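Laboratory data are not the source of any read-out in this text; all were calculated from the coordinates shown. All values reported here derive from a predicted model rather than from experimental measurement. Note that each Cβ is placed from the backbone with ideal geometry, even for glycine, and that neighbours are counted across all protein chains shown.
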Amino acid sequence: MSVLNQLRILAILEGISYLLLIPTVILKYGFEMGLPNKIVGSIHGLLFVLYCIWVVYYAVKKKWSLLKTLICLAASLFPFATFVVDQKILKIEADNQLKAATNKASY
């Protein structure tokens, strides 16, 4: 599996974990049920760190602009934003790689 595909999967998983974190915070502070927040929070924290590492690694590898890199990193701070990054940046990147590979194979 390519680094880009791994990054796309991490973007989706990080976004899902962020959304799952919201109801667990309500459970924690509204109903004094801290365990779900502890579990989901730990998973989200791990996915957040992995996503950021993968973004930086891929950005350096592909010589992304600082702006594109910062947009992808900032997306991890807002609910739904990693889904947007996946569709608006990472999917286009994957499509471009596929086109390049297809063109290279046809020669």
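Data table
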| read-out | value |
| --- | --- |
| Matching residues in segment 2-21 - criterion: being of a type in the set (Gly, Ala, Ser) and either closer than 20 Å to Ile92 by Cβ or touching a residue at least 40 places away in the same chain (Cβ under 8 Å) (or both) | Ser2, Ala11, Gly15 |
| Filter result (surrounded by fewer than 17 Cβ atoms within 10 Å (Cβ to Cβ) and either of a type in the set (A, V, I, L, M) or in contact (Cβ under 8 Å) with a residue 12 or more places away in the chain (or both)) within segment 24-49 | Val25, Ile26, Leu27, Met33, Leu35, Ile39, Ile43, Leu46, Val49 |
| Test: Leu77 is loosely packed, with under 13 Cβ neighbours inside 10 Å and outside any helix (DSSP H, G or I) | yes |
| Restricting segment 50-64 to residues that are without any contact (Cβ under 8 Å) to a residue 24 or more places away in the chain, assigned to a helix (DSSP H, G or I) and surrounded by fewer than 13 Cβ atoms within 10 Å (Cβ to Cβ), the residue that is nearest to the chain's Cα centre (by Cα) | Ile53 |
| In segment 1-54, the residues that are more than 20 Å from Ile71 (Cβ to Cβ) and of a type in the set (Asp, Glu) | Glu32 |
